[in-house]
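For reference, the structure is listed below as structure tokens.
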């Protein structure tokens, strides 16, 4: 995790090279949003899934090792930019209205609201730009771009966020809550795994197994988030604790209780692991990340 987190950080810096870039304040804020710590879970999933297969064969032969690694770096940077944009916008006063992210002032507090809005816009478009210019054949680039666009859009992350905002003070049933989480959090986590699988040239059956793994893992991730929001303090989390309950938001803890939520996270963990049995030892990195997700404390 340390090695590949550092690799993801280097890929972000490379693809957000903003030295002397105009306008300087906007680009400074983009770096602030992207490089301010975090678990780098989505890039780590890209790299772990990318280890599962062989580079894509093209008309000119097999994708060279260096090109394969460069494509993984680009995919990792792109999905982390998309994630960073979502956090910047999520923290805005018109959304979750939070002052703390990753133990630091949120972007609209460190800069201003207008800059924060533009940071999100610029990070999202930069993600697609670097994918469009990435090495590899056009089919691969198109698959990566289409997957990321779908995961981030109205049927994925943005749609899940809309459901979340509409649910403040409302009563969601368990199925509705699960659907919201699969869109808001799960879609981008699933996309990360699929992007790695695309670069690894996995078969359709292998991609289905990866998608099942990621779907269960994404739900486990959000359940653990709900548990931590209810049980940890702000200093540990690096963001404001207890906001879900304070804002009367439906969560697994508020809907089903803490014990149920903790059991459900473990059940999703086991489902995720079962989905990748067929990969054998090649999937050990994915198994390690799944264990980290379920057992994390912040």
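Some observations on this one:
- For the stretch 246-265, the candidate set comprises residues that are loosely packed, with under 14 Cβ neighbours inside 10 Å and over 19 Å from residue 160 (Cβ atoms); within that set, the residue that is modelled with the lowest pLDDT is 246.
- Test: residue 149 is touching a helix residue (DSSP H, G or I) at 6+ places or on another chain (Cβ under 6 Å) and assigned to a helix (DSSP H, G or I): no
- Residue in the stretch 1-17 that is farthest from residue 119 (Cα to Cα), counting only those that are buried (at least 16 other Cβ atoms within 10 Å of the Cβ) and more than 17 Å from the chain's Cα centre (by Cα): 15
- Qualifying positions in the stretch 204-230 - more than 16 Å from residue 187 (Cα to Cα) and either touching a residue at least 24 places away in the same chain (Cβ under 8 Å) or in contact with a helix residue (DSSP H, G or I) (Cβ under 9 Å, 6 or more places away or on another chain) (or both): 205, 206, 224, 226, 227, 228, 229, 230
- Residue within the stretch 141-153 that is out of contact with any strand residue (DSSP E or B) (no Cβ under 9 Å at 6 or more places or on another chain), over 27 Å from residue 65 (Cβ atoms) and buried (at least 23 other Cβ atoms within 10 Å of the Cβ) present: yes
- Selection within the stretch 99-115 - assigned to a helix (DSSP H, G or I) and within 19 Å of the chain's Cα centre (by Cα): 107
- Residues of the stretch 108-126 classified as without any contact (Cβ under 8 Å) to a residue 24 or more places away in the chain and buried (at least 21 other Cβ atoms within 10 Å of the Cβ), total: 1
- Test for residue 196: is it touching a helix residue (DSSP H, G or I) at 6+ places or on another chain (Cβ under 7 Å) and modelled with pLDDT under 95: no
- Residues being at negative phi, in a loop (DSSP other than H, G, I, E, B) and exposed (fewer than 14 other Cβ atoms within 10 Å of the Cβ) - total across the stretch 154-179: 6
- Residue satisfying all of: in the stretch 182-196; touching a residue at least 60 places away in the same chain (Cβ under 8 Å) and within 16 Å of residue 216 (Cβ to Cβ); surrounded by the most Cβ atoms within 10 Å (Cβ to Cβ) among these: 192
The values are calculated or read from the model by the stated rules, or taken from the named source; none is laboratory data. As the structure is a computational prediction, the values presented were derived from the model and not from experiment. Ideal geometry is used to build each Cβ from the backbone, glycine not excepted, and the neighbour counts take in all protein chains shown.
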